Amino acid sequence: MEVGELNLVPYMDIMVNLIMFILLSMTSFIQMKIINVSVPAIGDDTMEAADKDDEKTLAIVVGIVDKKGFIISVDGNFMEGTPPNEPTIPNLADGKYDFAMLTTKMAKVKSMDSKQTALTIVPDKRIDYSTLVKTMDAIRRDVGGQVLFPDVLLGVQ
Amino acid sequence: MAKKVGTPARPPVAPVVVPAEDPILEEKKKARKNRRKAHNHMPEAGELNITAMLDMLTIILVFLLKNYNTDPAANLTIGLNPPVSTTELPMAQAITVAITRNDISVDDKRVAELINGQVKPADLTVKDQPLLIGQLRDSLLARVEHHRKIEELGGPRFEGNMLVIGDRTIDYELLSQVLYSAGQAQLANFKFVTLAPQ
């Protein structure tokens, strides 16, 4: 009887090796998330149509100026307090972008129309992807976790 | 030994003595054998039943293999380090475009080579469309067509989603060229893949 029994040990060896290999080559341990982004479609008037539907919609644009800071404009006018020819939120002394101030300013913009969730971000050509994502993070929620502007439309200068 | 060899009476004694000890020796040998046998049989009695463990391993293997290919994180390679973000939207499945400083690939297939994070001027040849990367649009169009056919055959609905896995160091210029080219391939909903903060 014992002679006819299958020797499963080699099979188990293969299994263990395969599992180790797959586990090591897998990267599922890295948690990945996504950010939804839209771009204006060419020849599409959806934005204008949306503007007509809801007259109260504000045209909020956040510009990221390379090595200078952020420019915020609402309905084509620079946000209050923007010095002429200077960004609304200048970079910090160490040259880094002031994301905390951006969040504060965007909370003020939000108070103009609490229903609005969309805005346009127009970065400079040389802005790196990481800065863009951090900017989107800064305008998505305020410090208290309240939703500001999660719907981002990317523009090109 | 020398004495024994020298005496004439001894030689016949020796063979007599040996058979006389035989039963005792035999007994000892038997006892030793039995002990050895018992010792050898011991592990057999306590042997592990590995069938259940094998079942478990097979299930784990199937599960891992199933996840292996569909995992978008499998696209992460050297030179592709997505930015960290606080977004909480879960990962989704869609056409994947990976952008490193060296190349752009669509669903793991390299479509355009970059030089230090910039598109080669030869790849931006379409007139009046300075942002269009021709090969990328063509490759994405083929993928869109493929997904549409799957939808026609009863597959999941194709919503024009595209995952963008970009290295954190790439410039917005390159990103806008990729998004513009994807727009030309009828893709409209972009999802930037980011890493959750550790």
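The values are calculated or read from the model by the stated rules, or taken from the named source; none is laboratory data. Note that the structure is predicted; figures quoted are calculated from it, not measured. Positions of Cβ are generated from backbone atoms using ideal geometry, with glycine treated the same way; all protein chains shown enter the neighbour counts. Accessible surface areas use protein heavy atoms only, side chains included; no ligands, DNA or RNA. Shrake-Rupley method; radii C 1.70, N 1.55, O 1.52, S 1.80 Å.
Some points to look at:
- A simple count of charges around A:Ile139, restricted to other residues whose Cβ falls under 11 Å of its Cβ and scoring Lys, Arg +1 and Asp, Glu -1, yields +2.
- Shape class of chain A from the alpha-carbon gyration tensor: prolate, with a/c at 1.5 or above and a/b greater than b/c.
- Helix screen, chain A: no DSSP H segment has Cα axial length of 27 Å or more and mean Kyte-Doolittle hydropathy at least 0.0.
- Exceeding the 29 Å Cα-Cα cut-off - candidates A:Lys33/B:Lys127; B:Lys120/B:Lys149; A:Lys96/A:Lys125; A:Lys125/B:Lys66: A:Lys33/B:Lys127; B:Lys120/B:Lys149; A:Lys125/B:Lys66
- Largest to smallest accessible area among A:Tyr11, B:Tyr172 [probe 1.4 Å]: A:Tyr11, B:Tyr172
- Per-residue ³J(HN,Hα) for region B:90-100, Karplus 6.51 cos²θ - 1.76 cosθ + 1.60, θ = phi - 60°, Hz, x for Gly and Pro: x, 4, 10, 9, 6, 4, 10, 10, 9, 10, 10
- Solvent-accessible area of B:Lys66, all protein chains in place: 150 Å² (probe radius 1.4 Å, heavy atoms, ligands and nucleic acids excluded).
- Value of Rg/Rh across region A:56-101 [Cα atoms, Kirkwood radius]: 1.00
- For B:Thr194, distant residues with modelled amide H under 5 Å away: A:Lys33, A:Ile34, A:Ile35
- Residues of region B:172-198 that bury at least 40 Å² of accessible area once all protein chains are present, compared with their chain alone (1.4 Å probe, heavy atoms only, ligands and nucleic acids left out), are B:Tyr172, B:Glu173, B:Phe190, B:Lys191, B:Phe192, B:Thr194, B:Ala196.
- Accessible area per residue was computed with a 1.4 Å probe on protein heavy atoms; B:Ile150 scores about 70 Å².
- Exposure rank, largest accessible area first [B:Tyr180, A:Tyr129; 1.4 Å]: B:Tyr180, A:Tyr129
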